[in-house]
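What follows is one structure encoded as structure tokens, with my remarks underneath.
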Amino acid sequence: MSASKSASRLDIVMFIERSVSVMTGHSILPPLLLLAVGFLAYGFFGLKRHYVGRRFNVRCPYPGNQFFKDSPRVGRSCVEIRTLTRGLHFKLTSLFEYVRRRRMTTLLTGLGLGVVCLIVILKNNPMYEDRGWHWLFLGGFTLLLGLVLLTLFRFVDGWKDLKRTLDTIALIPMVAAFDRLPRKAATLFGGYLMAANPRSAHAVIPIHVFNQLPQGVRAPEMPNVSPPGRGYDTETLNWLSLQSRHLMSILAPHWPTHSVTDAFGKEVHPDKGEDAQRADGAEPTACATLTWIRPAEDLIAIQAIVFVSQFFIQLRNLAWAMVSGALLLMLAVTLYPFQPEQLLLYGLLGLLAAVATSIVWVMYELNKNEIYSRITRSTPNRFDLNLDFALRVAQFIGPMVLIVGAQLSGGLRALFAPLLELLR
């Protein structure tokens with residue numbers, strides 16, 4: 001009895017010694033803590049998406065089909081935009097809504113995770129601690145891996161719907177309005193589609209355009225408005241969206257008289273000056289004497305950019321959620337000799353490659369997109385490798401490459417070893 005008690009005490013002492021020696025590779029605590037950080041990061045980005053979905057929920061500036069009885073094609077395009085973005089909002093802001101709408105994707109993900117768990121269980125051979133700790137790690141690892149995979153699918157699926165929305169916007173016969181945006185407005189509002197968020201100072205531009213419109217073309221009970229004193233708030237944004245709906249309904253009868261350039265945009269030549277491009281695209285139209293048409297279309301174009309930017313903000317949050325989750329999974333696996341070690345490592349490197357590929361693919365597709373290209377003055381439907389694209393890719397891929405390279409080479413452990421020894 002005395003010998004068994006001594007052995008039990010010795011096991012406890014050895015467990016404590018292994019646990020506090022976090023840099024030896026024998027402690028179970030670092031991988032468990034990294035999994036906990038992974039769940040905290042996923043929860044943070046989830047709360048952020050939920051907050052943005054409520055705080056920055058801008059109404060669609062495109063009206064319903066009932067306003068386009070004489071232009072059924074435009075009406076169908078507007079209805080498609082409204083339908084796509086309504087579903088997209090729920091997909092990007094709610095995991096449960098995405099699971100409900102994509103049951104087959106969720107089922108296949110669950111089956112794949114089941115196969116991974118079965119392989120790990122069959123090949124698992126605890127080296128130091130008993131199986132209870134390994135079961136705890138396996139449960140957390142599987143759950144976090146499932147969340148990262150679902151985030152990856154939401155990211156790709158969300159971009160596909162958003163791309164269809166942008167392509168449908170390009171079918172509305174006022175594409176030249178995106179070409180006409182002044183450089184300052186194009187830079188400010190075009191930035192919403194990549195990294196920037198709406199700022200209170202930016203509200204001056206659409207409100208200035210709105211105040212140029214004659215009273216006769218405004219929606220009823222929509223007087224002149226001033227820049228909001230407390231920011232670019234959702235109430236102002238929705239007010240401008242309702243104005244845009246009304247303007248589209250009275251613009252539709254004039255669109256058949258537009259030239260092809262005014263309706264669907266001119267060919268953009270990045271090597272030409274902006275003034276030369278404006279001169280090339282300046283064609284007289286039958287409605288040229290109606291001076292309010294162009295400001296009205298400019299306001300709708302700006303509001304369309306603000307409207308779709310809310311979905312780009314959500315896509316950025318999804319991208320950061322899957323990058324942080326995949327990196328923390330890889331670090332957790334490499335800090336302790338879980339078996340099968342090589343299989344887990346190669347699988348997570350494949351996951352990181354899939355995450356990086358999906359981000360680069362989305363940015364590549366956005367770079368080619370017609371509406372985005374017209375806003376940024378690049379060539380539509382053609383990839384333009386520029387500094388802005390390289391910086392956006394490096395923003396997401398750079399941390400992945402640095403952390404993975406440092407961890408696999410041992411540099412990350414050497415970097416944090418002195419700090420962890422002090423904490424010990």
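Any chance you could count how many residues in the stretch 67-126 are more than 22 Å from GLY146 (Cα to Cα), modelled with pLDDT under 85 and part of a helix (DSSP H, G or I)?
5
Is there any pair linking a residue in the stretch 168-195 that is more than 22 Å from MET248 (Cβ to Cβ) and assigned to a loop (DSSP other than H, G, I, E, B) to one that is of a type in the set (Asp, Glu) and at pLDDT 65 or above, with Cβ under 8 Å and at least six apart or on different chains, and which?
Once the first residue is more than 22 Å from MET248 (Cβ to Cβ) and assigned to a loop (DSSP other than H, G, I, E, B) and sits in the stretch 168-195, its partners that are of a type in the set (Asp, Glu) and at pLDDT 65 or above give MET194/ASP388.
Take the residues in the stretch 324-356 that are of a type in the set (S, T, N, Q) and more than 13 Å from LEU149 (Cα to Cα); name whichever of them is modelled with the highest pLDDT.
Among those that are of a type in the set (S, T, N, Q) and more than 13 Å from LEU149 (Cα to Cα), it is THR334.
Out of (1) under 24 Å from THR376 (Cα atoms); (2) assigned to a loop (DSSP other than H, G, I, E, B), what's the single condition that is false for PHE307?
For PHE307, the exception is condition (2).
Name every residue in the stretch 41-66 that is of a type in the set (Phe, Trp, Tyr) and either at pLDDT below 85 or within 28 Å of LEU327 (Cβ to Cβ) (or both), in order of residue number.
TYR42, PHE44, PHE45, TYR51, PHE56 - these are the residues of the stretch 41-66 that are of a type in the set (Phe, Trp, Tyr) and either at pLDDT below 85 or within 28 Å of LEU327 (Cβ to Cβ) (or both).
May I ask you to list the residues in the stretch 266-323 that are modelled with pLDDT of 65 or more and loosely packed, with under 14 Cβ neighbours inside 10 Å?
The one that is modelled with pLDDT of 65 or more and loosely packed, with under 14 Cβ neighbours inside 10 Å: THR291.
Looking at the stretch 336-351, which of its residues are buried (at least 22 other Cβ atoms within 10 Å of the Cβ) and not aromatic (Phe, Trp, Tyr)?
Residue satisfying the conditions is LEU348 alone.
If we scan the stretch 217-234, do we find a residue that is modelled with pLDDT of 85 or more and touching a Leu at 6+ places or on another chain (Cβ under 8 Å)?
No, that holds for no residue.
Restricting attention to the stretch 153-196, which residues are of a type in the set (Phe, Trp, Tyr) and modelled with pLDDT of 90 or more?
PHE153, PHE155, TRP159
Select, from VAL323, VAL404, the only residue that is among the β-branched types (Val, Ile, Thr), within 26 Å of PHE39 (Cβ to Cβ) and within 15 Å of the chain's Cα centre (by Cα).
The conditions single out VAL323.
Is it true that ARG392 is under 19 Å from the mean Cα position of the chain (by Cα), of a type in the set (D, E, K, R) and either modelled with pLDDT of 80 or more or part of a helix (DSSP H, G or I) (or both)?
yes
Here's a check for you: in the stretch 395-420, which residue that is of a type in the set (Gly, Ala, Ser) and within 12 Å of MET330 (Cβ to Cβ) is modelled with the lowest pLDDT?
My answer is ALA406.
Take the residues in the stretch 366-380 that are in contact with a helix residue (DSSP H, G or I) (Cβ under 6 Å, 6 or more places away or on another chain) and either modelled with pLDDT of 85 or more or not β-branched (Val, Ile, Thr) (or both), then tell me which one is surrounded by the fewest Cβ atoms within 10 Å (Cβ to Cβ).
PRO380
The values are calculated or read from the model by the stated rules, or taken from the named source; none is laboratory data. The structure displayed is predicted, hence computed values, not measured ones. Heads up, the Cβs are rebuilt from the backbone with ideal geometry, glycines too, and the neighbour counts pull from every protein chain shown.
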